[in-house]
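The values are calculated or read from the model by the stated rules, or taken from the named source; none is laboratory data. Just so it is clear, the model here is predicted, and its values are computed rather than measured. Don't worry about glycine lacking a Cβ; one is built from the backbone with ideal geometry, like all the others, and counts go over all protein chains shown. What goes into the accessible areas is simple: the full protein's heavy atoms, side chains included, and nothing from ligands, DNA or RNA. Shrake-Rupley method; radii C 1.70, N 1.55, O 1.52, S 1.80 Å.
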Amino acid sequence: QVQLVESGGGLVQPGGSLRLSCAASGTIYRIYTMGWYRQAPGKQRELVATITSGGDTNYADSLKGRFTSSRDDAKNMAYLQMNSLKPEDTAVYYCNARITTSHDIMTRDYWGQGTQVTVSS
């Protein structure tokens, strides 16, 4: 079994920063691309950022320059540094990872439960 657990969300004022973390645990053989997605009330889930096992990153065009994705493969962790936050960044942020599990050598996509980010004064 594999679990992804996000942390670091909360309430922040406009212009502030937050750093989200995603911890992967379980019978992990290998983690490929990790990603961050978000879903605002009444809207579809959208891509925020992805980072490959080689460290290549991809961001939603509207977020380039404000958000930075990183990972620590030794700890099975992914991070999302969010700067200059705006009220429209308010959403539940989800971690996603493509993982090969060691007990059956199957590759699947996994999702965390999400962490709420609220940007408000």
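Just a few scattered comments:
- Mean Cα-pair separation over length for the chain, i.e. relative contact order, pairs under 8 Å, 6 or more apart, %: 37
- Dimensionless Rg/Rh of the chain - Kirkwood Rh, Rg from C-alpha atoms: 0.98
- Protection proxy ranking of 18-30, 41-53, by the mean of other Cβ atoms within 10 Å over each peptide's residues and highest first, is 18-30, 41-53.
- Carbon/sulfur fraction of accessible area - the chain, other protein chains in place, 1.4 Å, %: 46
- Between the stretch 93-121 and the stretch 1-64, the alpha-carbon center distance in angstrom: 8
- Taking all protein chains into account, the per residue accessible area for the chain stands at 53 Å² (1.4 Å probe).
- Take the Cα of GLN39, step 7 Å toward its Cβ, do the same at THR107, and the gap between the two points is 2.6 nm.
- Long-range amide H partners of VAL48 with built H, under 5 Å: TRP36, TYR37, ARG38
- For the chain, the Cβ-based charge dipole about the Cα centre amounts to some 80 debye (Lys, Arg positive; Asp, Glu negative; other atoms uncharged).
- Residues within the reach of a label modelled at GLU88 (point 7 angstrom out along Cα to beta-carbon, backbone nitrogen below 14 Å), restricted to the stretch 56-78, are 60-64, 66.
- Within the same chain, lysines fewer than 8 places from LYS64 are excluded, and of the rest, those with a Cα less than 23 Å from its Cα are LYS43, LYS86.
- THR27 versus GLN13: modelled label distance in nm, points set 7 Å from Cα along the beta carbon direction: 5.0
- DSSP beta bridges in the chain [antiparallel fraction, %, rounded to 5]: 95
- Residue-wise HN-Hα coupling along the stretch 6-23, computed from phi with Karplus coefficients 6.51, -1.76, 1.60 (Hz; x: Gly, Pro): 8, 8, x, x, x, 9, 9, 7, x, x, x, 10, 9, 10, 8, 10, 10, 10
- Size-normalised alpha-carbon gyration radius of the stretch 48-93, reference 2.2 N^0.38 Å: 1.20
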